Amino acid sequence: MNSIAIVGAGLGGLACARVLQLHGLDVTVFEQEPSPDARPQGGTLDMHADTGQAALRTAGLHDEFRALARPEGQQMRAVDALTAEVVDDEIPEDGDEFRPEIDRGQLRGLLLGSLVPGTVRWGRSVADVTPGARLTFADGGTEDFDLVVGADGAWSRVRRALTGVRPEYSGVTFVEFGLDDADRRHPALAALTGQGTMVAKRGGQALFAQRNSNGHIRCYATFYATEDVRNAERENLLERYAGWHPELLGFLADNDSGFTHRPLYVLPVPHAWTHTPSLTLLGDAAHLMPPLGVGANLALLDGTELATALATGTGVRAYEAGMLPRSIETAAACAEGLHHLLSDDHPAGREAAA
């Protein structure tokens, strides 16, 4: 395989590029964003030992990851929505590093820094892809490759060339917000959050608070809603959560960062495609599922497994033969888990937004 294009500079695409370069293969990553810092990269991720961390070992970056990771972030705390009392608190034991947390931006920066300079072409938006591995860019230019890898997320252009399947609304909406310098400016809320993730649930609604690095707490209000709902304002949310304990409502009232409306979209289960030697998918482009702590892990594993398959000559078909059954099984479990996320019958657990 002489030339490989990866569309999308997310975690999976960058991990794939890193391992390809470790094996001396030629790869170019095309990213529509103009620079690495064009937008915030999201919250914290728990990297599982058997998926995300395994991928980072393959990429030769596990030691660097451990230097940035927060094992204490594995704490999972459930709080009663009416009393704000802690009803369950899973605290990691010393030495437990099965799923330590790391900020998504830190992990992306680690992967970017491991690549040969110039590997990522920023500001190159792909408008169309053909099965012959030709990329057409928004400016009208074209480039041909032996293989195009779609690592371009939920609304993948590469997927459109393979399956034409589009994501569907899940029925659940997240509203993201946050607290800056939380230990100093919001000490009571920081203490209630703990060192990892706090969740409170009641009546098909939830509030999550997650520790990030640098004193930031990222929060999510989560609820069932119609796809077109846009009530992501403080007053609307306080009304929606009326009756919850005032301390929990403080997360909404004291938010520093505005409110971002994030309806959850998913690909149908199963999602697969007819093998095409010149095109393939990884990460959310292949198996968009609810954010229950597995998406980033699977994207990293997809990327490193695909790169290894290409480097060892087993090829795209062998990669897909392993990735598709795994992603279908996990997506089915996540579809069920999404409803546990909002169920009062499951007060605690690992269903944190990732």
Choose one of Asn2, Ala154, Val86: the residue whose Cα lies farthest towards the positive end of the charge dipole of the chain (beta-carbon charges +1 Lys, Arg; -1 Asp, Glu; about the Cα centre).
Asn2
Computed label-point distance, nm, for sites Glu72 and Thr274 using a 7 Å Cα→Cβ extension:
5.6 nm
For Arg121 and Thr83, what does the FRET efficiency come to when R0 = 51 Å and r is the distance between their Cβ atoms, rounded to the nearest 0.05?
0.45
Roughly how many nanometres apart are two label points built 7 Å out from the Cα toward the Cβ at Ile328 and Thr312?
2.3 nm
Of Arg124, Arg77, Arg184, which is the most mobile in a GNM of the chain whose springs link Cα atoms less than 10 angstrom apart?
Arg184
Tally Lys/Arg at +1 and Asp/Glu at -1 over every other residue whose Cβ is under 11 Å from the Cβ of Ser3; what's the total?
-4
I want the local charge near Thr193. Using Cβ-Cβ distances under 9 Å, sum +1 for each Lys or Arg and -1 for each Asp or Glu among the other residues.
+2
Residue separation times 0.36 nm, minus the C-alpha to C-alpha distance between His340 and His23: what's the value?
109.9 nm
What number, rounded to the nearest 500 deg cm²/dmol, is the helix-based mean residue ellipticity at 222 nm of the chain, given -39500 (n - 2.57) per DSSP H run of at least four residues and division by all its residues?
-9500 deg cm²/dmol
Using a 1.4 Å probe on heavy atoms of the protein chains only, the accessible area for Tyr169 in Å², nearest 10, reads 50 Å²
Under a 10 Å cutoff between Cα atoms, tell me which one of Asp37, Asp128, Asp144 has the largest fluctuation in the Gaussian network model of the chain.
Asp37
Residue of Leu112, Leu238, Leu14 that the Gaussian network model of the chain assigns the largest fluctuation, springs spanning Cα pairs under 10 Å:
Leu238
Using the alpha-carbon centroid of each, what span in Å lies between the range 220-289 and the range 19-63?
23 Å
Under the rule a/c < 1.5 gives rounded, and otherwise a/b versus b/c splits prolate from oblate, where does the range 215-354 land using the Cα gyration tensor?
prolate
Given a 1.4 angstrom probe, I'd like the percentage of the accessible area of the range 62-132 that is carbon and sulfur, rounded to a whole number.
48 percent
Tally Lys and Arg at +1 and Asp and Glu at -1 over the other residues with C-beta under 12 Å from the C-beta of Ser257: what net charge comes out?
-3
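The values are calculated or read from the model by the stated rules, or taken from the named source; none is laboratory data. Just so it is clear, the structure is predicted and the values come from calculations on it, not from any experiment. Every residue, glycine as well, gets a Cβ built from its backbone with ideal geometry; the counts of neighbours run over all protein chains shown. In case anyone asks, the SASA skips ligands and DNA or RNA and just uses the protein heavy atoms, side chains included. Shrake-Rupley method; radii C 1.70, N 1.55, O 1.52, S 1.80 Å.
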